[in-house]
Each structure stands twice: as C-alpha cells, then as structure tokens.
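Below is one structure; the comments refer to it alone.
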Amino acid sequence: MESRAAVDDAALGREAWAVLDANWTGSATVPAPGLYPHQWNWDSTFVAIGLARWDTRRAGTELISLLAGQWGTGMVPHIVFHPVHAEGYFPGPSVWRSRDHPASPHAVCTSGLTQPPLHALALWWIWRHAADRDTAVALVRRLYPMLVAQHDYLATSRDLGGGGLAAIVHPWESGMDDSPAWDASLEALPPVRHAYRRSEEPADRRPDSRHDRYMALALGYRDSGYDPAYLRDEHPFAVEDPMFNGIWLASCQALTELAPVAGADAGPYREAVERIRSALLERLWDDGVFRARDLREGRLSPVCTIGCFGPMLDQGMPGERVAELVRVLESARFMGAAGYPVPSCEIRAQQFDRSCYWRGPSWVNANWLLRRAAAVHDLPALARVLGAGTLRLVRQAGFRECFDPFDGSGRGSRDFSWSAALTLDLLA
Ligand code: 9YW
C-alpha cells in the first residue's frame, strides 16, 4: 500500500512539472493555457512557493519577472501582459493604458490594479526551503527594496479607511473576483451598462450586470489617472478584505525575518504586524469570524466566505480567536458538510453555488493558505486533512482551476499552474 502511494505521488509530481513547463514562457508562468495568457500577480507567488524546494532559480525568476511590472508608486499590478498575446485577453493593455501613467514601467504593459500581497511570504518560502542557499540570499537582497516599496504603497495609498488596513478598490484585487463578499457593495453601485465583453468567458462565469460594474470601476479609476486622492474621496468601491489583509500581515512577518538577510531594520515590520493585527480585530471581527468591511456603505459583509479565515495566517493571532475560526471552518458551514476541503462560500448561505468559481467551489490555493495557517498555529490534524484532501482532488480530477466541494469534480480551466505548483509543495 505504502509503495503504491509513493508511485502515485511520483506520477502526480511528474504531471505537475509537465503543466508548469507547458505554461512557462521562459521568464514567467501563465495561469493556464488559452484563457489566461499573461502573468498574474498572486498566481506567480503561488507558483514561486511551489517551485521553492525544487528550483530556487526558477522560483526567483517568477518573482523577478512579476516585479518588473511594479510601478514607481510601489504598486505591483495584478496582470503583467505578455507582449505577443497582449490583446488576447480582455481587458488588455488598451483598456488599462498603463503607459500613460508616469510611474508605470516602460518595458512592459500592466493592469492598474493589484492583488493580494503574498510576495514577501513567497520570498521567505524560497529563502527558507531553498536547496541553493547562495541564490536565495542574493534573491532576498535584490527583491527586498521592491517589497518595501510595495508595503509602503499599501500602508499609505491604500489605507482608505484610516484604520491601519489596506482597502481593495475592485473585486479583481481580492483574487476572489466573484465572491459573494462583494455582492452587496456591487449592488450599491449606480447601474451601468457597458459594451465590453470578454470574448472567451465561459457562459457560467458571471451575470452581465456584475461584469459591467467591474468594467465601470476599472475605467473610473483609470480615468482618474490612477489617482490615490480619487480612490480616497470618490471611488465608489473600497473594501477591507480579511484575506487580503491577513496575507499582508503574514508578509510583514516574513519581512521581519528577511530584513537581517537584506541588511535592513526589521523594526518597521514588527510595528506593522501589531498595527494590522489590532486593526483586523477591531474593524473586521464579528460573530466568530472576520468579515469584509465596505468602507463606502460603512458595514460588514453578511456572507461568510473562505476570505473570513485569512487572518489565521497571523502567527500571533490570539488563541481564542483562532479556536473560534477553526470551529466555524470545521463545522457543517464549511468543511463539515463538504466531501472535499474547503468550499469558498459558506454552504448554508443563500449565495452558495457549488459550480461557480469563488461562490462555492474548492480552490487549491485557498486550501494551501489554510494549511499554512493550521501549521503556524500548531494544528497538525487540520493541516493533514487540508493537505490530504487537496491531493485527493488533484489526483482524481487533475490540475483544474477549482473543484466541486461535494463530489470533487473539476471546474474552470485545465492545467492550472497554481494547482500544479502547490501540489509539488504538498507532496514534499
Ligand atoms: C479573471 C488568474 C486569475 C486569478 C484569480 C481568479 C481568476 C481572473 O483568474 O480571475 O479576472 O477572470 O479569480 O484569482 O488570479 O488565474
């Protein structure tokens, strides 16, 4: 039995490498062939994490190529466009017009939004697990100043609520685009109709009205010249997301350990960790979980989603809060009533939809983040269930974009990079 499992693992590992090699452009990994032909921000951080134990240099190249898209403001864009297929995805460079902005990089076209700041944690993961120590240390020294700029940007231009958290200004920035956590905020926007359509969008993706609102939000921000004052005073969507901020906090913790390697002072990040933790507890904690705060409407999201567990990534989160979160996570609201970890939306919610992206299906990256959270809080049984359940999903259905949480069948794109990369990490 044991050797059979070992053979299966080896075959799974080979399949994962084949997907990553097929999606490799020579300097970056695209999320999936066809639908996503460019470099996506948090996708690349998960790819770097998956490669970290096996290929230090390639893991580093993944982050370096992404950070080549960083703006002078410190913002790391959510898409860095591949020059050849530039208009093969909508919205492409002609919509974002990054080059019209004086702080954008000259060499590449990018979007004007960001995504969850997992970069410092990914760099820490490479540094912690690298077989090639010298390459890892050189990488830390090279990337550290860029991460400082990214974190400064979040702490200044994105603290739109003034309470110490970073706000997302578009659902795309959460990485969990169609999560029900944004429904109420989107519904509160003025009605819009827009001619744009995403050509290859699957029919079950999202209702038109939501996509039109996504476009209106993106264009409003672009037309302001990507102005931080516009975001603060006028932009109609500003949400403090617990997953985005939990990831930010975990990345600040990573920077406290990377600072001495880079010859820098860890002090500012120790303070940032305390500040973000207090703000999360004060501003987002409600009824046993963390909830997204809509800064424009001044209310917390009534829906409990996978994002509510993001602050569990904080090693210093008080034990009683972690225990409450784990109770909800293991209950019939999430893992307790699903065949596979972890539904992206609470099963009992009216908005739960087992077949629609972030409205119900299980995702390998979210499972990996929760497994990491279980590990930092010394919850080995939970970590094992999350790791084994995720491997069961990819073994049975392949490296799909997401999975039905009840029967484990695959959904969305095939040969999805982060599903393959994080499998390599789970197999280690
Ligand atoms: C989109 C690339 C991206 C991910 C997001 C995921 C999806 C793209 O694909 O969004 O706008 O259609 O929700 O997390 O980064 O894989």
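Computed from the coordinates by the stated procedures, all read-outs in this text should not be read as laboratory data. As the structure is a computational prediction, the values presented were derived from the model and not from experiment. Note that we place each Cβ from the backbone using ideal geometry, even for glycine, and neighbour counts take in every protein chain shown.
Quick notes
- Mean residue ellipticity at 222 nm, helices only, the chain: -15000 deg cm²/dmol; runs of at least 4 DSSP H residues each add -39,500 (n - 2.57), and the sum is divided by the number of residues.
- Table column - 3J(HN,Hα) (Hz), the range 216-231, Karplus curve with 6.51, -1.76, 1.60, x for Gly and Pro: 4, 5, 5, 5, x, 5, 4, 5, 7, x, 6, 8, x, 5, 4, 4
- Considering only 412, 347, 376, and ranking their Cα positions along the charge dipole of the range 311-424 that arises from unit charges at the beta-carbon of Lys, Arg, Asp and Glu, the one farthest toward the positive end is 412.
- Between 182, 334, 261, the Cα set farthest toward the positive side of the dipole of the chain (charges on each charged residue's Cβ, about the Cα centre) is that of 261.
- With a Förster radius of 56 Å applied to the beta-carbon distance between residue 278 and residue 332, the computed FRET efficiency rounds to 0.95.
- Top positive-direction residue, dipole computed over the range 2-427 with Cβ charges, set 150, 168, 278: 150
- Computed from the Cβ-Cβ distance with R0 of 30 Å, the FRET efficiency linking residue 375 to residue 103 stands at 0.20.
- Other residues within the sphere of radius under 9 Å centred on the Cβ of residue 347, judged by their own Cβ, net out at +2 (K and R +1, D and E -1).
- Only Lys, Arg (+1) and Asp, Glu (-1) charged, at Cβ; the chain dipole about Cα centre in debye: 380
- Choice from 257, 320, 15 with maximal GNM fluctuation in the chain (Cα, 10 Å cutoff): 320
- Across the chain, the mean sequence separation of Cα contacts (distance under 8 Å, 6 or more residues apart), normalised by length, yields a relative contact order of 17 percent.
- Computed FRET value (nearest 0.05) for residue 414 with residue 10, which takes r as the C-beta separation and R₀ as 22 Å: 0.55
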